[in-house]
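**Q** This structure is in structure tokens; I'll ask about it shortly.
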Amino acid sequence: MDEKAYVQELVTKSRKAQAVAWDYSQRRVDELAAAIMYSLSRPAIAAELAKLSFEETGMGTYEAKVKRFTGKLPQIWEEIKSVKTVGEVERIPEKGIVKIAKPVGTIAALIPSTTADATPIFKGVLGLRGRNSVIFAPHPGAKRTTFAVVEKMREVLRLNGAPEDLFLCIEEPSKLLAKELMAVCDITFATGSHDMVVAAYSSGKPAYGVGVGNAVVVVDETADLAKTADMIRLSKTTDNATGCSAENSLVIQETVYDAFLQELEKQGGHLVNAEEKEKLQKTMWIDGKLNRKIVARPVSHIAELAGIPIPVGTGFLVVEETGYGKQFPFSGEKLSLVLTVYKYKEFQEAIDTVNDIHSYSGAGHSCGIHSVDEEHIKALALNTRTTKVLVRQPHRAGNSGNWFNGLARTFSLGCGTWGGNIVSENITQKHFMNTTWVSVPTGPIGGCPYTEEEIFGDILKDVKLL
């Protein structure tokens, strides 16, 4: 295949469609976006696409994928529907500023296998509302799912008289095609492996990438242990832990450690012994790399591969750990129904453990805490290298935004410079548009209207000056 020619043909079609969308009104893009969100969140279509995703990838659960369509998509629409993306979007009279939203152009959207069903809708709809066109690069292991989703979105565009080529999809994806796409599109939104995110930032074009997950959650002595264990079970087991926001490690205060492990056991957690841990490690990592055969697979499948007997009703495996880094692979992101637990004495030790783990894997992504001690919550927030700290929440459900918190609802999470990303917040509508700032004078031109005292005040009284 001539990758350059193939991608150029896609981009030419995409830019032609985007030229039409440039003249769309706010009402027009909102109608199209709402039609896509509503149509693809209907139970029948959700079931069809969820079934395809589950059968193609073998990851997660059918039920969770259906819920991603029927539950998460309406949440995202409610989040973005009031955000203006066309024409004047803000006016600041005291500054003499008017902000005008404009398209970024043609977007390269890299789609992961873990959320190949819903991520294209998120990136497509937000791109469309910004009057952009989007070309999707699926993961090879989920290409049929992503292509089917994109075709559904194209169908909605056709039904409503809009150019279907506002959404295009690479049918036979490869790293070479993705690389070429990123090099010629105006911007890349990359959700996928670490290598793919690095490639996006190395493409020579602007890019939004998301870093590695590996969420670490602290449980202190003030936590409601039963309630916390229930939230962690819910978060960890949803879709067989496909999400990068599912809890990967818990850091538990020593006085409640044993009691909390018992609560996890009540919720279906099975604590492996030393021999089982060794077997599990050899199964989960092969030549230092996570075994794809355990990613987002049922816990029974993981245990069978490792040769570990587990009780009936086991929902996830629990592994005790003391270290971090390559010699302690359970400290890294696992994307599986395996939860690592650590013990701490003083709270500073908990903070250090979070930072130590993230120095190995997951820097910038997120951490959490189950506590009612405001000093502990503040200390964790001030002293960890993460862009989000979730308090008393199921981490997976809360981290990407939900009805019960104020975070932007999304399928892409920025990790800041700690995670090698340009964004330190959840990716949302504002990232899919350019802004033109119109400035008019707010006073006489020439000279400064303020005295030195008004400018500096007493801030310089205790410092030495040249």
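**Q** For the range 6-64: of the residues being of a type in the set (S, T, Y) and not in a loop (DSSP other than H, G, I, E, B), which is nearest to G141 (Cα to Cα)?
**A** Going through the qualifying residues, I end up with T57.
**Q** While we're here: Counting just the residues of the range 433-466 that are in a strand (DSSP E or B) and out of contact with any helix residue (DSSP H, G or I) (no Cβ under 9 Å at 6 or more places or on another chain), which one comes out farthest from L73 (Cα to Cα)?
**A** Step one: filter the range 433-466 for residues in a strand (DSSP E or B), giving 434-439.
From the residues that got through so far, the ones that are out of contact with any helix residue (DSSP H, G or I) (no Cβ under 9 Å at 6 or more places or on another chain) too are 434-438.
Values: N434: 24, T435: 26, T436: 29, W437: 31, V438: 34 Å.
The qualifying residue farthest from L73 (Cα to Cα) is V438.
**Q** Go through the range 300-374 and tell me which strands (runs of 3 or more DSSP E), entirely inside it, have 2 or more residues that are surrounded by fewer than 23 Cβ atoms within 10 Å (Cβ to Cβ).
**A** Qualifying strands (runs of 3 or more DSSP E): 316-320, 338-344.
**Q** Between a residue in the range 416-432 that is within 19 Å of E79 (Cα to Cα) and in contact (Cβ under 8 Å) with a residue 12 or more places away in the chain and any residue that is among the β-branched types (V, I, T) and assigned to a helix (DSSP H, G or I), which pairs come within a Cβ distance under 6 Å, given they are 6 or more apart or on different chains?
**A** Partner pairs satisfying both residue conditions: Q429/I80.
**Q** Next question, about the same structure. Condition (residue is assigned to a helix (DSSP H, G or I), farther than 20 Å from H194 by Cα and in contact with a Ser or Thr (Cβ under 9 Å, 6 or more places away or on another chain)) applied to the range 95-103: is it met by at least one residue?
**A** Looking through the range 95-103, at least one residue is assigned to a helix (DSSP H, G or I), farther than 20 Å from H194 by Cα and in contact with a Ser or Thr (Cβ under 9 Å, 6 or more places away or on another chain).
**Q** Follow-up question, since we're still on this one. Quick check, is K464 over 15 Å from the mean Cα position of the chain (by Cα) and in contact (Cβ under 8 Å) with a residue 24 or more places away in the chain? If you could, list the steps in order and put the result at the bottom.
**A** Numbers: over 15 Å from the mean Cα position of the chain (by Cα): yes; in contact (Cβ under 8 Å) with a residue 24 or more places away in the chain: no.
No.
**Q** A follow-up question, please. What do you reckon, is V104 crowded, with 18+ Cβ neighbours inside 10 Å, over 20 Å from R154 (Cβ atoms), in contact (Cβ under 8 Å) with a residue 40 or more places away in the chain and of a type in the set (A, V, I, L, M, F, W, C)?
**A** yes
**Q** Restricting to the range 289-299, name every residue that is open to solvent by 70 Å² or more (accessible area, probe 1.4 Å) and assigned to a strand (DSSP E or B).
**A** Within the range 289-299, just K289 meets the criteria.
**Q** Please pick out the residue among T222, T188 that is buried (at least 24 other Cβ atoms within 10 Å of the Cβ), among the hydroxyl-bearing types (S, T, Y) and over 20 Å from A296 (Cα atoms).
**A** Of the residues listed, the single one that is buried (at least 24 other Cβ atoms within 10 Å of the Cβ), among the hydroxyl-bearing types (S, T, Y) and over 20 Å from A296 (Cα atoms) is T188.
**Q** Right, another one. Quick one: would you say L305 is under 22 Å from Y62 (Cβ atoms) and touching a Cys at 6+ places or on another chain (Cβ under 8 Å)?
**A** no
**Q** Another one. Output the residues belonging to the range 1-31 that are of a type in the set (V, I, T), touching a residue at least 24 places away in the same chain (Cβ under 8 Å) and under 15 Å from A183 (Cα atoms).
**A** Of everything in the range 1-31, those that are of a type in the set (V, I, T), touching a residue at least 24 places away in the same chain (Cβ under 8 Å) and under 15 Å from A183 (Cα atoms) turn out to be V7, V11.
**Q** Would you tally the residues in the range 144-163 being open to solvent by 60 Å² or more (accessible area, probe 1.4 Å), in contact (Cβ under 8 Å) with a residue 24 or more places away in the chain and either acidic (D, E) or under 18 Å from L10 (Cβ atoms) (or both)?
**A** The qualifying residues number 1.
**Q** Counting only residues that are among the acidic types (D, E) and farther than 26 Å from P394 by Cα, which one in the range 261-283 is surrounded by the fewest Cβ atoms within 10 Å (Cβ to Cβ)?
**A** Going through the qualifying residues, I end up with E275.
**Q** Here's a follow-up. Can you name every residue in the range 164-185 that is open to solvent by 10 Å² or more (accessible area, probe 1.4 Å) and not aliphatic (A, V, I, L, M)? Don't jump to the end; show me each part of the working.
**A** From the range 164-185, those open to solvent by 10 Å² or more (accessible area, probe 1.4 Å) are 164-165, 168-169, 171-176, 179-180, 183-184; that's our starting set.
Hits for the range 164-185 are E164, D165, C169, E171, E172, P173, S174, K175, K179, E180.
**Q** Moving to a separate point now. Sort through A408, A397 and tell me the only one that's under 20 Å from E247 (Cα atoms), of a type in the set (A, V, I, L, M) and open to solvent by 30 Å² or more (accessible area, probe 1.4 Å).
**A** On the way: A408 fails: open to solvent by 30 Å² or more (accessible area, probe 1.4 Å).
Step by step, each of A408, A397 is checked, and only A397 is under 20 Å from E247 (Cα atoms), of a type in the set (A, V, I, L, M) and open to solvent by 30 Å² or more (accessible area, probe 1.4 Å).
**Q** Let me ask something additional. Just one of (1) hydroxyl-bearing (S, T, Y); (2) under 21 Å from G398 (Cα atoms); (3) open to solvent by 10 Å² or more (accessible area, probe 1.4 Å) trips up T119, so point out which.
**A** Result: T119 passes all but (3).
**Q** With without any contact (Cβ under 8 Å) to a residue 60 or more places away in the chain and within 19 Å of the chain's Cα centre (by Cα) as the only criterion, which of A116, A137 stands out? Full working, then the answer.
**A** On the way: A116 fails: without any contact (Cβ under 8 Å) to a residue 60 or more places away in the chain.
On inspection, the qualifying residue turns out to be A137.
**Q** Looking at T61, is it among the β-branched types (V, I, T), more than 27 Å from the chain's Cα centre (by Cα) and surrounded by fewer than 20 Cβ atoms within 10 Å (Cβ to Cβ)?
**A** On the way: among the β-branched types (V, I, T): yes; more than 27 Å from the chain's Cα centre (by Cα): no; surrounded by fewer than 20 Cβ atoms within 10 Å (Cβ to Cβ): yes.
The answer is no for T61.
**Q** Let me confirm something: among I232, I286, which residue is aliphatic (A, V, I, L, M), farther than 27 Å from S133 by Cα and open to solvent by 20 Å² or more (accessible area, probe 1.4 Å)?
**A** Of I232, I286, the one residue that is aliphatic (A, V, I, L, M), farther than 27 Å from S133 by Cα and open to solvent by 20 Å² or more (accessible area, probe 1.4 Å) is I286.
**Q** Any idea how many residues of the range 120-161 are among the polar types (S, T, N, Q), within 18 Å of T57 (Cβ to Cβ) and in contact with a strand residue (DSSP E or B) (Cβ under 9 Å, 6 or more places away or on another chain)?
**A** The number of residues fulfilling the criteria is 1.
**Q** For the range 375-401, give me each residue that is more than 11 Å from the chain's Cα centre (by Cα), assigned to a loop (DSSP other than H, G, I, E, B) and under 27 Å from A207 (Cβ atoms).
**A** T384, R385, T387, K388
**Q** Please count how many residues of the range 124-141 are surrounded by fewer than 24 Cβ atoms within 10 Å (Cβ to Cβ) and part of a helix (DSSP H, G or I).
**A** Residues that pass the stated criteria total 2.
Table: residues versus (1) at pLDDT 95 or above; (2) touching a strand residue (DSSP E or B) at 6+ places or on another chain (Cβ under 8 Å).
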site	(1), (2)
P173	yes, yes
E180	yes, no
A190	no, yes
S193	no, no
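The values are calculated or read from the model by the stated rules, or taken from the named source; none is laboratory data. As the structure is a prediction and not an experimental result, all values here were calculated from the model. Ideal geometry is used to build each Cβ from the backbone, glycine not excepted, and the neighbour counts take in all protein chains shown. For the accessible areas, the whole protein counts, side chains as well, though only heavy atoms, and no ligand, DNA or RNA atoms are used. Shrake-Rupley method; radii C 1.70, N 1.55, O 1.52, S 1.80 Å.
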